[in-house]
Amino acid sequence: MRISNLKKRMGTFELWIEEMNLESGLIHGLAGPNGCGKTTLSKLLTGILTPDEGMMDLEGLTPRDITMTSQKPYLLHDTVYENLILPLKLRGMQPDKEETDAWLERCGLKDKKRQYARSLSSGEQQKLSFIRALIFGPKLVIVDETLSNLDPDSTKLFEELMLEQQRKRPITWLTISHQLVHLKRVCDRVHFMEKGRQIAEGTPKEILLNPSHPSIRAFLADTEVSFRG
Ligand SMILES: Nc1ncnc2c1ncn2[C@@H]1O[C@H](COP(=O)(O)OP(=O)(O)OP(=O)(O)O)[C@@H](O)[C@H]1O
Ligand SMILES: [Mg+2]
């Protein structure tokens, strides 16, 4: 997938991605300071926002193939199960009991299947929104800071689910995170943004371990210690 000369103005902020490549079947990470335009770019990719200018070649993917999870999940006033199967219902697909149970079991929610979804803890809600995003077989999944505020075991579970999916049936991921260790662990490619622009794109090693761009070096200065070992 290729983005070129993509522009979107939001108030005084302008996103301008001259060129960004999202190779199909890979896990891409997106990092950069608060307000640099990561969520805006995600909303353009999912079709929630329309670009002012530019081109996004999504290689034939339509909004039906794309899903996005956010830090604050949007859950229906309904049970865990009804929330989980929502994307299937919306696409006219039949839920498979074995499959839905397996997903719920995988993230420790099976005995909460009939619980009111909004009464789940925030971490549980994040897990539910994550498996809900995967259940219908998406081709592009955007994970917008869904891992923030998760305990280490839950973060590990999310990472395992991502890598498991890649082994079974590779899809394209764009995972947005301030947890650079997470990006280093799962990503094939990392994109770094600053002030609405992509300023670097490369392997996690190139971008996060030994960046040549001075802004990235400055950004990483405080987190460098996380990468040792
Ligand atoms: N509807 C809007 N009207 C005006 N400005 C907006 C609007 N939506 C977003 N912005 C501005 O666009 C800029 C980019 O926001 P965006 O949410 O994309 O940043 P981000 O990189 O996701 O940041 P964070 O790491 O904090 O999530 C911000 O300065 C924000 O205030
Ligand atoms: Mg954001």
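The values are calculated or read from the model by the stated rules, or taken from the named source; none is laboratory data. Because the structure is predicted, anything quoted here is derived from the model rather than measured. Note that we place each Cβ from the backbone using ideal geometry, even for glycine, and neighbour counts take in every protein chain shown.
Please specify each residue of segment 121-177 satisfying the condition of being basic (Lys, Arg) and under 25 Å from residue 79 (Cα atoms).
127, 132
Looking at 40, 50 in this structure, which one is assigned to a loop (DSSP other than H, G, I, E, B), modelled with pLDDT of 95 or more, among the polar types (S, T, N, Q) and within 25 Å of residue 198 (Cα to Cα)?
50
When you scan segment 9-31, how many residues do you find that are over 18 Å from residue 185 (Cα atoms), in contact with a Ser or Thr (Cβ under 7 Å, 6 or more places away or on another chain) and within 16 Å of ligand 2 (Cβ to nearest atom)?
Result for segment 9-31: 2.
Scan segment 37-53 for residues that are away from ligand 2 (no atom under 16 Å from the Cβ) and closer than 17 Å to residue 65 by Cα and jot them down.
Scanning segment 37-53 gives a single hit, 47.
Give 182, 191 a once-over and let me know the one that is under 18 Å from the mean Cα position of the chain (by Cα), farther than 21 Å from residue 43 by Cβ and surrounded by 20 or more Cβ atoms within 10 Å (Cβ to Cβ).
Unique residue meeting the criteria: 182.
Listed residues 72, 89; which is closer than 16 Å to residue 126 by Cβ and among the basic types (Lys, Arg)?
Exactly one of 72, 89 is closer than 16 Å to residue 126 by Cβ and among the basic types (Lys, Arg), namely 72.
Residues that are touching a residue at least 24 places away in the same chain (Cβ under 8 Å), part of a strand (DSSP E or B), acidic (Asp, Glu) and surrounded by fewer than 17 Cβ atoms within 10 Å (Cβ to Cβ): does segment 18-35 have at least one?
Scanning segment 18-35, I find at least one residue that is touching a residue at least 24 places away in the same chain (Cβ under 8 Å), part of a strand (DSSP E or B), acidic (Asp, Glu) and surrounded by fewer than 17 Cβ atoms within 10 Å (Cβ to Cβ), so the answer is yes.
Within the set of pairs 6 or more residues apart or between chains, which connect a residue that is touching a residue at least 24 places away in the same chain (Cβ under 8 Å) inside segment 155-170 to a residue that is assigned to a loop (DSSP other than H, G, I, E, B) and surrounded by fewer than 14 Cβ atoms within 10 Å (Cβ to Cβ) with Cβ atoms less than 7 Å apart?
Within 7 Å, the pairs are 170/25.
How many of the residues in segment 146-178 are within 24 Å of residue 35 (Cα to Cα) and assigned to a loop (DSSP other than H, G, I, E, B)?
Residues in segment 146-178 being within 24 Å of residue 35 (Cα to Cα) and assigned to a loop (DSSP other than H, G, I, E, B): 7 in total.
Contact list please: Cβ distance under 8 Å, first residue in segment 127-152 and on the phi > 0 side of the Ramachandran plot, second residue within 16 Å of ligand 1 (Cβ to nearest atom), pairs at least six apart or on different chains.
What qualifies is 145/70; 145/71; 145/176; 145/177; 145/178; 149/71; 149/126.
Anything in segment 53-67 that is farther than 27 Å from residue 179 by Cβ and either free of Cβ contacts under 8 Å to residues at least 12 places away in the same chain or not in a loop (DSSP other than H, G, I, E, B) (or both)? List them, or say none.
53, 54, 55, 57, 60, 62, 63, 64
Counting only residues that are of a type in the set (Asp, Glu) and touching a strand residue (DSSP E or B) at 6+ places or on another chain (Cβ under 7 Å), which one in segment 46-75 is surrounded by the most Cβ atoms within 10 Å (Cβ to Cβ)?
Among those residues, the one meeting the criterion is 65.
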